[in-house]
1. Once both labels are modelled 7 Å past Cα along the beta-carbon direction, what's the residue 106-residue 143 spacing in nm?
2. Taking the alpha-carbon centroid of each part, what is the distance from the range 118-141 to the range 71-116 in angstrom?
3. Stick to Cα atoms and the Kirkwood definition of Rh, then tell me Rg/Rh for the chain.
4. Sticking with the crude label model, points 7 Å out along Cα→Cβ, report the distance from residue 49 to residue 69 in nm, one decimal please.
5. Rounded if a/c is under 1.5, else prolate if a/b is larger than b/c, else oblate: which is the range 46-128, with a ≥ b ≥ c the root eigenvalues of its Cα gyration tensor?
């Protein structure tokens, strides 16, 4: 059942990283002026995307593999919650990301600030999906 524990670990690390972004990084970013806020958001987003997308895929793959082996619904639910981050990101967050990435820091203003604030709210959904997946994996591992 090592794969199950690794699925839980991937979900928990994903959740921790996403929670850190929402509770620590985003509030600190919002304290900056508009220009520096955008300057900070761009590289932080790129690094966070690479890490979170990899963890989401790992949690999904491992959870699905364990479900295939033991057929406990918790593994399937957790796997689906982990992979739900991908379509949510591609369909809901990515259009906003593209707008933010296209902005030049010198042109940052209230509109860019509002977009970054909106981005933080949308990212909170990713945190919730990771937390729910972690709970599903935990339930499956103790059952």
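What follows draws every value from the coordinates through simple rules; no lab data is involved. The structure displayed is predicted, hence computed values, not measured ones. Positions of Cβ are generated from backbone atoms using ideal geometry, with glycine treated the same way; all protein chains shown enter the neighbour counts.
1. Taking the simple label geometry, residue 106 and residue 143 are separated by 5.8 nm.
2. Comparing the Cα centres of the range 118-141 and the range 71-116, I get a distance of 13 Å.
3. Values: Rg = 16.7 Å, Rh = 15.6 Å.
Result for the chain is an Rg/Rh of 1.07.
4. So the label points at residue 49 and residue 69 sit 3.4 nm apart.
5. Numbers: a/c = 4.10, a/b = 2.97, b/c = 1.38.
In terms of gyration-tensor shape, prolate.
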